[in-house]
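Encoded as structure tokens, the structure appears first; notes follow it.
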Amino acid sequence: MLYDEQCNFMKFLSCCLILILLATGCGQQNTREPLSMKPDPHSFSNPNEAVVTHLHWKARVDFITKKIDAIATWTIEQKDGTTQIIFDTNDLHVEKVTLDNESTASYELAETAPNLGRALSVKIKSDTKKVSITYKTSPNGEALQWLSPQQAGSASPFLFTQSQAILARSWVPCQDSPSIRFTYDAEVTVPQGLLALMSARNPKEKNESGVYDFKMNQPIPSYLLALAVGDISFRPISNRSGVYAEPSLVDTATWEFADMEKMIEGAEQLYGNYRWEQYDVIVLPPSFPFGGMENPRLTFATPTILAGDRSLTSLIAHELAHSWSGNLVTNATWNDFWLNEGFTVYFEHRIMEKLYGKDYSEMLAMLALQSLRETIADLKNQNAYEDTKLKLNLDERNPDDGVTDIAYNKGYFFLRSIEEKFGRDKFDNFVRDYFSENAFKAMDTEGFIFFLKNYYLTRFKLTIEEDFLNGWIFTEGLPVDCPQPVSDRFDRVNEVIHKWEDTGQLDDAKTSSWSTHEWLHLLKNLPDSLTQSQMEAFDNFGKFTSSGNAEILTAWFTHTIRNGYTKADGELEDFLINTGRRKFLNPLYKELIKTPRGKEKARSIYKKARPNYHFVATNTFDKLLNE
Ligand code: BES
Ligand code: ZN
């Protein structure tokens with residue numbers, strides 16, 4: 001070959017190579033090792049050597065000692081030459097370990113590591129099929145909240161768990177990584193008169209014996225293990241969905257969630273069959289630290305969504321959507337948390353759009369964008385700008401640090417931007433196939449990029465640019481071409497604000513049709529500084545101080561604290577003591593500690609409130625209030 005010919009041939013070869021690389025999606029950012037080889041920075045487990053496949057859990061719940069006495073029997077698979085299996089534990093008292101229900105195994109509990117707890121290594125034989133761990137939980141186990149009847153606001157005590165992100169290990173010794181899945185069955189004994197429920201096939205009523213059996217036939221990761229015990233009743237909504245709550249609340253809750261079956265049908269029409277048979281919601285006592293938790297078959301929910309007007313049910317759409325995004329296709333590690341939450345917020349908005357129209361879902365998107373911009377500004381100020389990338393680096397940190405608006409709302413706007421760039425039909429096909437082709441598997445960010453690029457290229461002959469993906473996923477802040485929601489309903493709220501700015505008049509002619517979202521938009525777009533008479537005028541206008549809606553109260557109290565509107569102090573204190581949802585407590589305590597007097601007040605309220613909060617909340621506020 002002549003030199004020129006050689007050059008051309010080389011050029012041809014490199015073009016081919018580039019084309020192949022593009023076609024297979026193997027750009028530099030997304031060359032990927034097989035998932036199974038990547039270690040999870042938040043688990044000590046060794047799934048590449050020995051991995052769990054099924055759990056049989058036999059447990060007794062004791063409200064007097066605040067302990068669970070249990071045997072966890074794990075069915076395992078092991079590779080040739082493996083001599084041990086490693087579990088995660090945290091604050092567990094391990095009494096005994098046996099292999100295949102007979103011989104006692106030797107085991108070792110490592111030192112406690114910050115955030116992660118203690119690794120439990122069990123020596124196994126080459127033919128070991130089952131490992132049984134007999135243990136007790138500690139009264140302070142981080143996932144567990146034991147409530148006295150008084151704290152539960154009932155005649156009976158209450159217990160619930162919160163396993164996400166890495167707290168399952170404080171009530172079940174497990175390989176606590178979201179990339180490891182197992183089926184489970186359980187036999188749980190509770191005091192007579194109480195009902196036990198799990199993230200599994202559930203009983204619908206109490207029985208005399210206090211012994212309940214559970215079965216979860218679909219493989220789930222450990223962070224979806226869940227248990228609730230209390231005086232709980234059930235009401236059906238359809239033949240595959242219903243509501244559990246304390247008897248005095250159950251009818252109210254059933255009314256509030258009346259559209260649940262329609263939500264499931266809407267979700268199925270969008271992105272494929274509901275794969276978990278039953279979908280129920282349990283309304284927990286107020287100390288539940290989250291709005292909702294997507295425990296499979298049984299969403300755990302805060303009572304603060306019972307607004308009395310069905311205005312906060314997008315939270316149910318959100319937790320239901322997790323039955324696909326998260327529970328079917330699961331973030332491989334907590335660094336990929338945006339895959340769980342970003343997809344879920346996107347799906348949530350699509351369910352709300354389908355049921356209530358675009359003008360409704362665009363209000364949610366507007367609120368999401370404003371909140372996202374504020375979060376990005378806050379993280380920048382706190383020198384945590386790195387944490388505004390979708391793909392996080394939480395190694396050596398608590399995965400809780402990744403629970404910000406970035407995963408949720410930047411994730412949402414990223415997915416929406418793909419939708420807008422190439423069209424909704426294509427995107428919907430992609431999402432449907434993404435869920436079905438990766439069902440019951442873990443997915444990391446690089447795997448998502450690979451799947452996405454490959455899908456658009458092979459199905460639609462479309463190339464998704466590397467720069468576009470990098471700009472969203474591996475870059476801080478918000479890309480300039482972030483989608484902009486449009487809301488006429490919020491425009492009308494803006495008109496009220498502008499009129500007030502120009503004339504001092506608050507025009508209540510149109511507010512009778514306002515939903516919670518319009519009021520929230522108003523509250524979130526008022527000037528920071530308001531005089532006492534202006535505060536008074538707004539309070540009369542929206543009846544905020546006496547509102548029963550926790551979202552509105554939180555937005556309003558940030559103004560009352562900032563502007564020293566002491567009329568609302570009693571309500572503020574009651575709210576902080578009686579609500580355990582971190583999303584509401586956080587902005588209020590943060591606002592309070594901005595002044596020395598406020599800080600004093602925050603600390604004195606916290607002292608009274610702390611016994612009512614779950615570990616997830618006290619862990620956050622102990623740090624915040626002791627700074
Ligand atoms: N899975 C989350 C809750 C969670 C995240 C618990 C990370 C522990 C660690 C749940 O689906 C969620 O996102 N809840 C939100 C509600 C939602 C409507 C945004 C909440 O609790 O506020
Ligand atoms: Zn979620």
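Residues in segment 500-516 that are assigned to a helix (DSSP H, G or I) and under 39 Å from the mean Cα position of the chain (by Cα): 500, 501, 511, 512, 513, 516.
For residue 254, the conditions (1) among the β-branched types (Val, Ile, Thr); (2) within 13 Å of ligand 1 (Cβ to nearest atom); (3) without any contact (Cβ under 8 Å) to a residue 24 or more places away in the chain are fulfilled apart from (2). Being more than 16 Å from ligand 1 (Cβ to nearest atom) and either in contact with an Asp or Glu (Cβ under 8 Å, 6 or more places away or on another chain) or among the charged types (D, E, K, R) (or both), is that true of even one residue in segment 368-375? Looking for residues that are more than 16 Å from ligand 1 (Cβ to nearest atom) and either in contact with an Asp or Glu (Cβ under 8 Å, 6 or more places away or on another chain) or among the charged types (D, E, K, R) (or both), one finds at least one in segment 368-375, hence yes.
Scanning segment 133-155 for residues that are polar (S, T, N, Q) and buried (at least 19 other Cβ atoms within 10 Å of the Cβ) returns 137, 145, 154. Of the residues 379, 390, the single one that is within 16 Å of ligand 2 (Cβ to nearest atom) and either outside any helix (DSSP H, G or I) or touching an Asp or Glu at 6+ places or on another chain (Cβ under 9 Å) (or both) is 390. Selection of segment 317-344 for residues being among the hydroxyl-bearing types (Ser, Thr, Tyr), in a loop (DSSP other than H, G, I, E, B) and within 12 Å of ligand 2 (Cβ to nearest atom) yields only 323.
The set of residues in segment 469-484 being at negative phi, in contact (Cβ under 8 Å) with a residue 40 or more places away in the chain and surrounded by fewer than 19 Cβ atoms within 10 Å (Cβ to Cβ) consists of 470, 474, 475, 476, 479, 481, 482, 483, 484. Here residue 399 clears all of (1) within 16 Å of ligand 2 (Cβ to nearest atom); (2) closer than 30 Å to residue 183 by Cβ; (3) in contact with a Leu (Cβ under 7 Å, 6 or more places away or on another chain) except the condition numbered (3). Is at least one residue of segment 462-473 over 24 Å from residue 563 (Cβ atoms) and in contact with an Asp or Glu (Cβ under 7 Å, 6 or more places away or on another chain)? Taking every residue of segment 462-473 in turn, none turns out to be over 24 Å from residue 563 (Cβ atoms) and in contact with an Asp or Glu (Cβ under 7 Å, 6 or more places away or on another chain). Restricting 91, 127, 80 to those that are surrounded by 17 or more Cβ atoms within 10 Å (Cβ to Cβ) and in a loop (DSSP other than H, G, I, E, B) reduces the list to 91.
Results for (1) buried (at least 16 other Cβ atoms within 10 Å of the Cβ); (2) over 19 Å from residue 327 (Cβ atoms), shown as yes or no for each residue.
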position: 258; (1), (2): no, yes
position: 267; (1), (2): yes, no
position: 277; (1), (2): no, no
position: 282; (1), (2): yes, no
position: 286; (1), (2): yes, yes
position: 289; (1), (2): yes, yes
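The single residue among 296, 289 that is closer than 26 Å to residue 403 by Cα, out of contact with any His (no Cβ under 8 Å at 6 or more places or on another chain) and in contact (Cβ under 8 Å) with a residue 60 or more places away in the chain turns out to be 296. Inspection of segment 523-535 identifies no residue that is basic (Lys, Arg) and either without any contact (Cβ under 8 Å) to a residue 60 or more places away in the chain or more than 24 Å from residue 365 (Cα to Cα) (or both).
In the set 569, 528, only one residue is outside any helix (DSSP H, G or I) and open to solvent by 30 Å² or more (accessible area, probe 1.4 Å); that residue is 528.
Residues that are of a type in the set (A, V, I, L, M) and more than 14 Å from ligand 2 (Cβ to nearest atom) within segment 302-316 comprise 306, 307, 312, listed in sequence order. Of everything listed in (1) within 26 Å of residue 166 (Cα to Cα); (2) in the same structural domain as residue 368 (by TED's automatic domain parsing); (3) in contact with a Gly (Cβ under 6 Å, 6 or more places away or on another chain), the single unmet condition for residue 336 is (3). Check segment 215-229 and report whether any residue there is among the charged types (D, E, K, R) and either open to solvent by less than 30 Å² (accessible area, probe 1.4 Å) or out of contact with any Lys or Arg (no Cβ under 7 Å at 6 or more places or on another chain) (or both). No - not one qualifying residue is present in segment 215-229.
The values are calculated or read from the model by the stated rules, or taken from the named source; none is laboratory data. Since the model is a prediction, treat every value here as computed from it, not as a measurement. Note that we place each Cβ from the backbone using ideal geometry, even for glycine, and neighbour counts take in every protein chain shown. Please note that ligands, DNA and RNA were not included when accessible areas were found on the heavy atoms of the full protein model with its side chains. Shrake-Rupley method; radii C 1.70, N 1.55, O 1.52, S 1.80 Å.
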